[in-house]
Amino acid sequence: MDTPEAPPDTPPAPRRRRRTPALIAGAAVLGVVAGACVGYLVQADRAPTALPSLSQPSLAQAKGAGPEPLSAAQDRKVKTDGDLRKLLLRKPAGARKALIEAGNDGWMDLAAYAEDFQSPDNAFRRLAGEDELRRVAVADWREGSTYSVEIRLVQYRETELGTQAADDAAAAYDNAQPPDDHDTDGWPIPGTGDGMAYVHHRPDTGYGVSLYSAEAHAWRGDIAMEIWIYDMKPIPKAKVMDLAKRQMEQL
């Protein structure tokens, strides 16, 4: 299918705000390893402890039927282990195809996702290795000639640590509004725990036009949500908050 030509007043598709790779996850892993090493050293200095007898009193077997299995509506895994693209918000009526689509048939591959980090090569290795990225579902569209939206659901494989989606969101919070950034406002997203939405009031002028942006980040279980909005005019708080709340309700 031929790609439609962009109208003259439409800026080129903007690059994502460069995010710091999820260093929090690495710190968590190092903390667990360090704790385990200290435990071994402490145990090595202790005198051997006698083991309890293997003979234990028998336990009575519980009787009666077990609990009913969770319904599909109650079991989160039923939803998130299926087609992740079905959990993305649908394009609004009248929305048009993005000038440059972020994914292929609703999926973003690992290499494309890693490109959004300050060091794509290092991000690729981390995401494919210790972060255990599973998949990224993406929806994007534009309304009018300059307003564009991209939503990503980034899913990780659950491990014993099981915190990578939360770490992803925490790194996004830090990157969205650094301590010295006085041109960004941020607000909690109701009902999401620590989810946050941000509006950047200073436009990016690197594309030959003034391009404003807003973003939102939150997580639920093994999925991190990312929303990115761009326009040639300031973006209202209500726009990004509405998208963030409705997308999290889908999860």
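One table, with the values for the structure above:
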{"read-out": "From the options Gly193, Gly208, Gly186, residue that is in contact with a Phe, Trp or Tyr (Cβ under 7 Å, 6 or more places away or on another chain) and either outside any helix (DSSP H, G or I) or without any contact (Cβ under 8 Å) to a residue 24 or more places away in the chain (or both)", "value": "Gly186"}
{"read-out": "Matching residues in the stretch 197-211 - criterion: being open to solvent by less than 70 Å² (accessible area, probe 1.4 Å) and modelled with pLDDT of 95 or more", "value": "Ala197, Tyr198, Val199, His200"}
{"read-out": "Yes/no for Ile229 being part of a loop (DSSP other than H, G, I, E, B), more than 13 Å from the chain's Cα centre (by Cα) and closer than 30 Å to Lys86 by Cβ", "value": "no"}
{"read-out": "Within the stretch 107-143, tally of residues that are in a helix (DSSP H, G or I) and open to solvent by 20 Å² or more (accessible area, probe 1.4 Å)", "value": "10"}
{"read-out": "Residue count for the stretch 158-172, restricted to those that are at pLDDT below 90 and either aliphatic (A, V, I, L, M) or touching an Asp or Glu at 6+ places or on another chain (Cβ under 6 Å) (or both)", "value": "2"}
{"read-out": "Matching residues in the stretch 147-196 - criterion: being crowded, with 19+ Cβ neighbours inside 10 Å and over 17 Å from the mean Cα position of the chain (by Cα)", "value": "Ser148"}
{"read-out": "Residue match in the stretch 223-239 (condition: open to solvent by less than 40 Å² (accessible area, probe 1.4 Å), among the small types (Gly, Ala, Ser) and either modelled with pLDDT under 95 or over 14 Å from Val149 (Cα atoms) (or both))", "value": "yes"}
{"read-out": "Single unsatisfied condition, Ala102 versus (1) of a type in the set (Gly, Ala, Ser); (2) touching a Phe, Trp or Tyr at 6+ places or on another chain (Cβ under 8 Å); (3) not in a helix (DSSP H, G or I)", "value": "(2)"}
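The values are calculated or read from the model by the stated rules, or taken from the named source; none is laboratory data. Predicted model only: the values in this text are computed from it and were never measured. Here Cβ is always computed from backbone atoms with ideal geometry, including for glycine, and neighbour counts include all displayed protein chains. These accessible areas exclude ligands, DNA and RNA; they are computed on the full protein's heavy atoms, side chains included. Shrake-Rupley method; radii C 1.70, N 1.55, O 1.52, S 1.80 Å.
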